[in-house]
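Participant: Below you will find the structure I want to go over with you.
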Amino acid sequence: MKTPPFKTIGVVGSGVMGRGIVQLFAQAGATVRVFDNQAEAVDAALTNLADTFSKLAEKGRLSAQAAQDTMARILPALQVSELADCELVIEAIVERLDVKRELFAQLEAVLSDQAVLASNTSSLSITAIAARCKHPERIAGFHFFNPVPLMKIVEVIGGPRTGADVLERLCQAARQAGHTAVLATDAPGFIVNHAGRGFGTEALKILGEGVADTLTIDRIMREQVRLGGNGFRLGPFELLDLTGLDVSHPVMESIYRQFYEEPRFRPSAIAAQRSAAGLIGRKVGEGFYRYVDGKALQADEPTASTLTAMPTVWVAPGPAAAELASLVEALGAHLESGPEPSAQALIVLSPLGLDATTACRHWDARRAVAIDTLFPFGYKACQRRTLMSTPATLSETRATAQALFSADGARVAMIRDSAGFVSQRIVALIVAIGCEIAQNRIASPQDIDAAVRLGLGYPLGPLSMGDEIGPAKVVEILRGLHAVSGDPRYRPSLWLQRRAQLGLSLLQDD
């Protein structure tokens, strides 16, 4: 067994995160001292941990002896001075800069000059925390995710004066405890909370534009998107409800402010209003959904009508026109092949990054619908397809298109006009933000992907998402979104543009 970089570790804060960190390192073989300003909180944490180890032993995940030995390595500390022999102290207290600075000053007064001080902060600057310390070179971020023993990822964050040896020792400690350690420089949101802005924030913008309702957006992201063979396990609004807007919305606002109002991170007034109304999510029984016994109440999807006669369909020119024509024929429709649609034909568009209105050009918008072709859409090859109408599309046109494209059993979401549909917008923004993190050298491409995949549970990391779709295609989507909306949030990053131009992977470092 390798010698651990820290044999005695102190944890300040005995809440959920603190208890998880204590459990992780005690199980890894370290002696862990637990301190909290409230002595009864330490007692409660020890009771909770003893119960946890007992349950793990009952389930066969720990032997009875290992559970007993692990618990014996966890020691209460009644005052800060009892942490004096710790080689590493991790704080997991309230997210207030002044409180953390005061604690670090107390710790420096009792710890040896060689001890490492780490903060589990998720949103505060490590540089700011270390600024008033006597030895800022030994201060680092050590950001775990809840529940700590199960979320096998930790961000190791260095400020401008953090020693390289400190970062390496923290990474080694995390790895020996069974976690993946990713290195990041000190930037707002570090990697995971930074990269996570694309999913929920863009979904809120889509909702705010009236493109689709929350349930439709969630269904599209779970059932239509396929990356690495998988979709997202939760839709963006399901995830916001799980996390709670009382947690998510302040993070959105904080990152937006810390990046000096970068448009990519612009928060939503919808989230602010719902948070103010107390509709914060599952923990209170109502958020974007209502919950009964912990289960979201979601309306059943209406069954698409059946066509009495198959329509005549004209597929507009585009990169997916051949595949779309094959689908139309497989569904049993009459396919027109001329250069222009006849007066009766259903016009089917397949834009990337553009809205249906722009893609319709000079054709009759009353008979036009667009279909999202970014992810699998072929005959019996997908769970869901997304159709989009123009403001002029007739209701009978929408009904005919919806019935046609559900004829093979796929579910069909019908949305209002939007540049980039739903899936294109959200996924392209996730990729764009991930590329910006790489461009700014906040973390390596590999660490960005690992952190997002493990920390957020995405099917792939953002750079691998871009590679699977194709960097050039992602650029095309973003430029279309930018051109139609005029919103700078959609501008493609330089990292993305250069690799697309050169035909390189987005994981290609330089």
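The values are calculated or read from the model by the stated rules, or taken from the named source; none is laboratory data. Note that this is a predicted model, so its numbers are computed, not measured. All Cβ positions, glycine included, derive from the backbone under ideal geometry; neighbour counts span all protein chains shown. Note: accessible area is taken over every heavy atom of the protein model, side chains too, but ligands, DNA and RNA are not part of it. Shrake-Rupley method; radii C 1.70, N 1.55, O 1.52, S 1.80 Å.
Participant: List every residue pair whose Cβ atoms sit under 8 Å apart, with the two residues 6 or more apart in sequence or on different chains, where the first one lies in segment 30-48 and is under 29 Å from residue 176 (Cβ atoms) and hydroxyl-bearing (Ser, Thr, Tyr) and the second, anywhere, is modelled with pLDDT of 95 or more and open to solvent by 40 Å² or more (accessible area, probe 1.4 Å).
Facilitator: 31/7; 31/73; 31/75
Participant: Can you confirm whether segment 273-290 contains a residue that is within 26 Å of residue 210 (Cβ to Cβ), open to solvent by 60 Å² or more (accessible area, probe 1.4 Å), of a type outside the set (A, V, I, L, M, F, W, C) and in contact (Cβ under 8 Å) with a residue 24 or more places away in the chain?
Facilitator: Yes, that holds for at least one residue.
Participant: Would you mind stating whether residue 325 is crowded, with 22+ Cβ neighbours inside 10 Å and outside any loop (DSSP other than H, G, I, E, B)?
Facilitator: Values: crowded, with 22+ Cβ neighbours inside 10 Å: no; outside any loop (DSSP other than H, G, I, E, B): yes.
No; evaluated as a whole, the condition is false for this residue.
Participant: Within segment 55-108, work out how many residues are at pLDDT 95 or above, closer than 30 Å to residue 188 by Cβ and among the charged types (D, E, K, R).
Facilitator: Total satisfying the criteria: 7.
Participant: Would you pick out the residues in segment 283-302 that are outside any loop (DSSP other than H, G, I, E, B) and closer than 25 Å to residue 413 by Cα?
Facilitator: 286, 290, 291, 295, 296, 297
Participant: For a quick check of your reading of the model, give me the residue pairs whose first member lies in segment 439-464 and is at positive phi, whose second is open to solvent by 30 Å² or more (accessible area, probe 1.4 Å) and not in a helix (DSSP H, G or I), with beta-carbon atoms closer than 8 Å and at least 6 apart or on different chains.
Facilitator: Every condition considered, the pairs that remain are 441/185; 457/233; 457/234.
Rundown of residues vs (1) surrounded by 14 or more Cβ atoms within 10 Å (Cβ to Cβ); (2) closer than 25 Å to residue 125 by Cβ; (3) under 30 Å from the mean Cα position of the chain (by Cα), yes/no style:
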residue: 11; (1), (2), (3): yes, yes, yes
residue: 28; (1), (2), (3): yes, no, yes
residue: 34; (1), (2), (3): yes, no, no
residue: 44; (1), (2), (3): yes, no, no
residue: 50; (1), (2), (3): yes, no, no
residue: 73; (1), (2), (3): yes, no, no
residue: 77; (1), (2), (3): yes, no, no
residue: 84; (1), (2), (3): yes, no, no
residue: 101; (1), (2), (3): yes, yes, yes
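Participant: Using the structure shown, decide if residue 272 is more than 23 Å from the chain's Cα centre (by Cα) and of a type outside the set (Asp, Glu).
Facilitator: no
Participant: Being farther than 30 Å from residue 189 by Cβ and at pLDDT 95 or above narrows it down to one residue among 352, 387; which is it?
Facilitator: Within the list 352, 387, the selection yields 387.
Participant: Kindly list, by first and then second residue, each pair from a residue in segment 294-305 that is more than 18 Å from residue 400 (Cβ to Cβ) and modelled with pLDDT of 90 or more to a residue that is among the aromatic types (Phe, Trp, Tyr) and in a loop (DSSP other than H, G, I, E, B), limited to pairs with Cβ atoms under 9 Å and residues at least 6 apart or on different chains.
Facilitator: 296/288; 296/289; 297/289; 298/289
Participant: Another question, if that's okay. Given the condition touching a residue at least 40 places away in the same chain (Cβ under 8 Å), of a type in the set (Ser, Thr, Tyr) and either open to solvent by less than 50 Å² (accessible area, probe 1.4 Å) or under 22 Å from residue 45 (Cα atoms) (or both), answer yes or no: does some residue in segment 108-123 qualify? Show your work before the answer.
Facilitator: Just the residues of segment 108-123 that are touching a residue at least 40 places away in the same chain (Cβ under 8 Å), to begin with: 116, 118, 120, 122-123.
In the following step, the residues that additionally are of a type in the set (Ser, Thr, Tyr) were identified as 122-123.
Still in the running and either open to solvent by less than 50 Å² (accessible area, probe 1.4 Å) or under 22 Å from residue 45 (Cα atoms) (or both): 122-123.
Yes, that holds for at least one residue.
Participant: Restricting attention to segment 87-99, which residues are of a type outside the set (A, V, I, L, M), open to solvent by 10 Å² or more (accessible area, probe 1.4 Å) and within 30 Å of the chain's Cα centre (by Cα)?
Facilitator: To start, the set of residues in segment 87-99 that are of a type outside the set (A, V, I, L, M) comprises 87, 91, 95-96, 98.
Retained after the next criterion (residues that are open to solvent by 10 Å² or more (accessible area, probe 1.4 Å)): 87, 95-96, 98.
Answer for segment 87-99, where residues must be of a type outside the set (A, V, I, L, M), open to solvent by 10 Å² or more (accessible area, probe 1.4 Å) and within 30 Å of the chain's Cα centre (by Cα): 95, 96, 98.
Participant: Quick one: is residue 54 without any contact (Cβ under 8 Å) to a residue 40 or more places away in the chain, open to solvent by less than 20 Å² (accessible area, probe 1.4 Å) and among the polar types (S, T, N, Q)?
Facilitator: Here the answer is no, as residue 54 does not meet what is asked.
Participant: Would you pick out the residues in segment 328-341 that are surrounded by 18 or more Cβ atoms within 10 Å (Cβ to Cβ) and in a loop (DSSP other than H, G, I, E, B)?
Facilitator: As a first pass, look at segment 328-341 and keep what is surrounded by 18 or more Cβ atoms within 10 Å (Cβ to Cβ): 328, 331, 333, 336, 341.
Within segment 328-341, 331, 333, 341 meet the criteria.
Participant: Return yes when residue 238 is farther than 21 Å from residue 95 by Cβ and over 14 Å from the mean Cα position of the chain (by Cα) and no when it is not.
Facilitator: So residue 238 fails the test.
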